[in-house]
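Novice: Input: one structure, supplied below.
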Amino acid sequence: MEVDQQGAVAMDVDAEQPVDKIFDALLDKARDLETTSPDNAVQAYKDIIFNKQDLEDPTARGREQAIYALGEFLVSKQKSKDLHLLTTDLRPVFIDLPKAKTAKIVRVLIDLLAKIDGTLSLQIDMCQSLILWCKEGKRNFLRQRIETRLGSLLLEDQKYSEALDLLATLLSEVKRLDDKLLLVEIFLIECRTHYAVQNVPKSKAALTAAKTNANAIHCPPLLQADIDSWSGIIAAREKDFRTAYSYFYEAFEAFNAADKGKKAKENMKLMMLTKIMMNRPQETKQIANSKSGLKYTGPQIEAMQAVAAAHEERSLKKFEAVLAQYKEQLEQDLIISFHLTELNETLLEQNVQRILEPFSRVEIAHVAELMELPLTRIQSKLREMILDEKLNGTLDQGIGVLIVFEQEKIRSTYDNALKTIKNTSEVIDTLHGMASAVSAS
């Protein structure tokens, strides 16, 4: 193997060897250059991909492997722009390859670019460029899958209206083809997008559609795990935490078995959240200390354990201190953040009601002092509780006093009288019916 003056790599291979072995030898030599001469390694891979030696490669296996190897090499060097340009450079090669193989290569390259941090906008550009290319070449199968991926990327980039418009057009097209597996993926992205814009009814409808199509086919385990995970999220939003826990458990087991650590950890956190929301925070220890759970110890799990400990003590001050301490871990997850905010408000209401029990008239400032919270927050919470009829009282803002009304006690005599009148009415109706029957006979 020699490098000429222009930087091209000259590789000596035995032309009498089988084609597969020749490609393997060329790939091995290109991999050796990754450490000794990285720039020449890229050229060596491209020589294989564009078949500079004009070797017979009917299955295109050798060139396909070279594309993957070059992609992995560019990822290791964090060369995201070069990887983006590679999809454009390879288009002449794609013309010679079977469409199914081209589709696989393109999807792998998109996945490889996703491994480089901070490339979200570049991934969107790559998908949009490839979609235009697919339209020109009438590669509808590949285009639909890239558009599905683009919808997911737009969701991640918080471009919700663009994502929903794209998914609506794509759904109408794929429904005509009745590609149920792709429909499941699209409906699942639509479910996530509607949830992100707080449209829970539409999110639930999209999830139901995903389940319906999944039941009609053999759904891949990881896709089924995604469906279970989102079923749990929707159930939790509807405050059915027991059902939500069972869904999260199923999803966790599937992701854990498939070594999908990131998604397994997310569902483990959600399992702990449901226990906290069910007022059983002590059970989060069993989840964290289980054989499967010990694999995912880290700041995120520690944050959930700290939340559980604060909730177990019913300490609002400690709870808010935990939220501040683990702000990065808890606020980044919008699902967990939503429920913990709700739990925080519930704890505040419980603390307010406990403190107000001995009072019929109390200064708002005194309540704030007892709770060690800002006066404005206590005033806001008291107004909210009065409007929601969780507190029977009124605020005298002029003198800064809360007046708590006594609960009206209805004497049992009135209840008994009403029951007697109702029973008498039923007896009279029965006797009238019997009298009417006798007279008719």
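Novice: Kindly provide the set of residues from the range 79-101 that are more than 16 Å from Q43 (Cα to Cα) and aliphatic (A, V, I, L, M), ordered by number.
Specialist: Passing the criteria: I95, L97, A100.
Novice: Which of the residues spanning the range 142-152 are under 22 Å from the mean Cα position of the chain (by Cα) and among the charged types (D, E, K, R)?
Specialist: R145, E147, R149
A quick yes/no check of all residues on (1) surrounded by 20 or more Cβ atoms within 10 Å (Cβ to Cβ); (2) at pLDDT below 90; (3) of a type in the set (V, I, T):
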site: I49; (1), (2), (3): yes, yes, yes
site: P58; (1), (2), (3): no, yes, no
site: D96; (1), (2), (3): no, yes, no
site: Q128; (1), (2), (3): no, no, no
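To keep it simple, each residue is scored yes or no on (1) at pLDDT below 85; (2) surrounded by fewer than 11 Cβ atoms within 10 Å (Cβ to Cβ).
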| site | (1), (2) |
| --- | --- |
| L395 | yes, no |
| E408 | yes, yes |
| S412 | yes, yes |
| N416 | yes, yes |
| K419 | yes, yes |
| N423 | no, yes |
| I428 | no, yes |
| G433 | yes, yes |
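Novice: Would the range 331-340 turn up any residue that is touching a residue at least 40 places away in the same chain (Cβ under 8 Å) and over 24 Å from L273 (Cβ atoms)?
Specialist: For the range 331-340, residues touching a residue at least 40 places away in the same chain (Cβ under 8 Å) and over 24 Å from L273 (Cβ atoms): absent.
Novice: Something else about it: Could you tell me which residue of the range 30-42 is nearest to S76 (Cα to Cα), considering only residues that are more than 40 Å from the chain's Cα centre (by Cα) and buried (at least 17 other Cβ atoms within 10 Å of the Cβ)?
Specialist: L33
Residue-wise test of (1) among the basic types (K, R); (2) more than 19 Å from I301 (Cβ to Cβ).
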| position | (1), (2) |
| --- | --- |
| R242 | yes, yes |
| Y245 | no, no |
| F248 | no, no |
| K260 | yes, no |
| M271 | no, no |
| E283 | no, no |
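Novice: Could I ask something else about it? State whether the residues of the range 120-141 include one that is within 17 Å of the chain's Cα centre (by Cα) and over 30 Å from L55 (Cβ atoms). I'd like the intermediate steps shown before the answer.
Specialist: Filtering the range 120-141 for residues within 17 Å of the chain's Cα centre (by Cα) gives 120.
If we keep only those that are over 30 Å from L55 (Cβ atoms) as well, we get 120.
Looking through the range 120-141, at least one residue is within 17 Å of the chain's Cα centre (by Cα) and over 30 Å from L55 (Cβ atoms).
Novice: Also, quick follow-up: Taking K317 as the residue in question, decide whether it is in contact (Cβ under 8 Å) with a residue 12 or more places away in the chain and charged (D, E, K, R).
Specialist: Considered against the rule, which asks whether it is in contact (Cβ under 8 Å) with a residue 12 or more places away in the chain and charged (D, E, K, R), K317 comes out as yes.
Novice: Can you pull out every residue in the range 154-169 that is of a type in the set (D, E) and either farther than 17 Å from Q128 by Cα or not in a helix (DSSP H, G or I) (or both)?
Specialist: Looking only at the range 154-169, we keep the residues that are of a type in the set (D, E), and these are 156-157, 162, 165.
D157, the sole residue that qualifies.
For every residue, the table says whether it meets (1) small (G, A, S); (2) in contact with a Ser or Thr (Cβ under 9 Å, 6 or more places away or on another chain); (3) under 30 Å from G398 (Cβ atoms).
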| position | (1), (2), (3) |
| --- | --- |
| K275 | no, yes, no |
| K291 | no, no, no |
| L294 | no, no, no |
| Q305 | no, yes, no |
| L330 | no, yes, no |
| S337 | yes, no, no |
| T341 | no, no, no |
| E349 | no, no, yes |
| I364 | no, no, yes |
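Novice: While we're on this one: For the range 170-181, how many residues meet the condition of being over 11 Å from E147 (Cα atoms) and either within 20 Å of the chain's Cα centre (by Cα) or in a helix (DSSP H, G or I) (or both)?
Specialist: The qualifying residues number 8.
Novice: Another question, if that's okay. In the range 1-13, is there at least one residue being in contact with a Gly (Cβ under 9 Å, 6 or more places away or on another chain), modelled with pLDDT under 85 and not β-branched (V, I, T)?
Specialist: No, the range 1-13 contains no residue that is in contact with a Gly (Cβ under 9 Å, 6 or more places away or on another chain), modelled with pLDDT under 85 and not β-branched (V, I, T).
Novice: Please pick out the residue among L188, L164 that is of a type in the set (A, V, I, L, M), touching a helix residue (DSSP H, G or I) at 6+ places or on another chain (Cβ under 8 Å), over 18 Å from L142 (Cα atoms) and touching a residue at least 40 places away in the same chain (Cβ under 8 Å).
Specialist: Testing whether each residue is of a type in the set (A, V, I, L, M), touching a helix residue (DSSP H, G or I) at 6+ places or on another chain (Cβ under 8 Å), over 18 Å from L142 (Cα atoms) and touching a residue at least 40 places away in the same chain (Cβ under 8 Å) leaves just L188.
Novice: Helices (runs of 4 or more DSSP H) wholly in the range 29-123 with at least 2 residues that are closer than 24 Å to K138 by Cβ - which ones?
Specialist: Values: elements: 38-49, 61-76, 80-89, 91-96, 99-114.
In the range 29-123, the matching helices (runs of 4 or more DSSP H) lie at 61-76, 80-89, 91-96, 99-114.
Novice: I've got another one for you. Report yes if some residue within the range 392-402 is at negative phi and in contact with an Asp or Glu (Cβ under 6 Å, 6 or more places away or on another chain); otherwise report no.
Specialist: Within the range 392-402, one or more residues are at negative phi and in contact with an Asp or Glu (Cβ under 6 Å, 6 or more places away or on another chain).
Novice: Oh, and also: I'm trying to understand the selection: among the residues of the range 199-256, which are surrounded by 16 or more Cβ atoms within 10 Å (Cβ to Cβ) and in a loop (DSSP other than H, G, I, E, B)?
Specialist: C219
Novice: When you check E190 against the structure, is it among the acidic types (D, E), modelled with pLDDT under 95 and under 19 Å from the mean Cα position of the chain (by Cα), yes or no?
Specialist: Numbers: among the acidic types (D, E): yes; modelled with pLDDT under 95: no; under 19 Å from the mean Cα position of the chain (by Cα): yes.
Criteria not met by E190.
Novice: Tell me which residues, restricted to the range 270-282, are within 20 Å of D228 (Cβ to Cβ) and surrounded by fewer than 20 Cβ atoms within 10 Å (Cβ to Cβ).
Specialist: Result: M278, single match.
Each row is one residue, and each column tells you yes or no for (1) closer than 23 Å to R192 by Cα; (2) assigned to a helix (DSSP H, G or I); (3) at pLDDT 85 or above.
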residue	(1), (2), (3)
L273	yes, yes, yes
N279	no, no, yes
A309	no, yes, yes
K317	no, yes, no
V322	no, yes, yes
Q329	yes, yes, yes
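The values are calculated or read from the model by the stated rules, or taken from the named source; none is laboratory data. All values reported here derive from a predicted model rather than from experimental measurement. Cβ: placed from backbone, ideal geometry, glycine included. Neighbour counts: every protein chain shown.
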